[in-house]
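The numbers here are math on the coordinates, done by the rules we state, and not lab data. Every value quoted in this text rests on a predicted model; they were computed, and no experiment measured them. So basically every Cβ, Gly included, is an ideal-geometry build from the backbone, and we count neighbours across all protein chains shown.
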Amino acid sequence: MGQCGGSVTYDGTYDDETDYTDVEVAASNFCNDQQTLNGRLSIEGYSEALTINFNYFNIRDEYLGSNATLNGRTEFIDNYPNYTVKADIVIQDNQLNRLYMLKNWRETVDETTFTAQISVSGDLYESDKGYVTVSTLEPIETNVDGYPESGKIKMMGDGSTAWVTFYSSSYLVEVDSDNDALIDDNNVYSYD
């Protein structure tokens, strides 16, 4: 029973010797503090290779003012010094009435350098804007404040392409709005 009602049931096992988890979770109006959970999810794998499957799992957070339903799969792979997150997931933002999707999404963090290098690739979808394919051209390095200070990504949409180049205090966005191999617009934005 949650602090303010509802229930969560767990069915499955965790093997402490091998660190293997295989658990099904069902939440029914489970409420703790200001969050309410509904739906089903499953967790399977070892701590260094864990898969979470969401089956229309709803998270409502009164404090953040958010309400989202997740459906799909996320994998977390810890192969130190590299960490990878893979996702094929649909997120319905019930607060803003928007649909988001990550398809063949992969985000890798490489900690072999002083500041971690991040690479991303895959397809993003937003119900108002459509699909964008993202790929890393140069790994993104962040500073101690979490802002990118170097790196470059490419984003391809329906009929247009954009490149984002990160610098220590700003980033450059270049847009080819009609895919004619000419930059039609570019702007530098500050992190401030």
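Worth a mention:
- Relative contact order (percent, whole number), region 1-117, Cα cutoff 8 Å, 6+ residue spacing: 15
- Approximating the spin labels as points 7 Å out from Cα along Cα→Cβ, the MET156-to-ASP22 distance works out to 4.1 nm.
- Neighbourhood charge, 14 Å Cβ-Cβ cut-off, centred on TYR125 and excluding it, Lys, Arg +1 and Asp, Glu -1: -3
- GluC sites (Glu not before Pro) lying in DSSP loop within region 22-53, provided at most 12 other Cβ fall within 10 Å: GLU48
- Label-point separation, ASP110 to ASP185 (7 Å along Cα→Cβ), nm: 3.3
- Annotation for region 141-176 versus region 86-138: alpha-carbon center distance of 14 Å.
- Taking a ≥ b ≥ c as the square roots of the Cα gyration tensor eigenvalues, the chain comes out prolate, since a/c reaches at least 1.5 and a/b is larger than b/c.
- Near THR136: Cβ cut-off under 13 Å, other residues only, Lys/Arg at +1 and Asp/Glu at -1. The net charge is -1.
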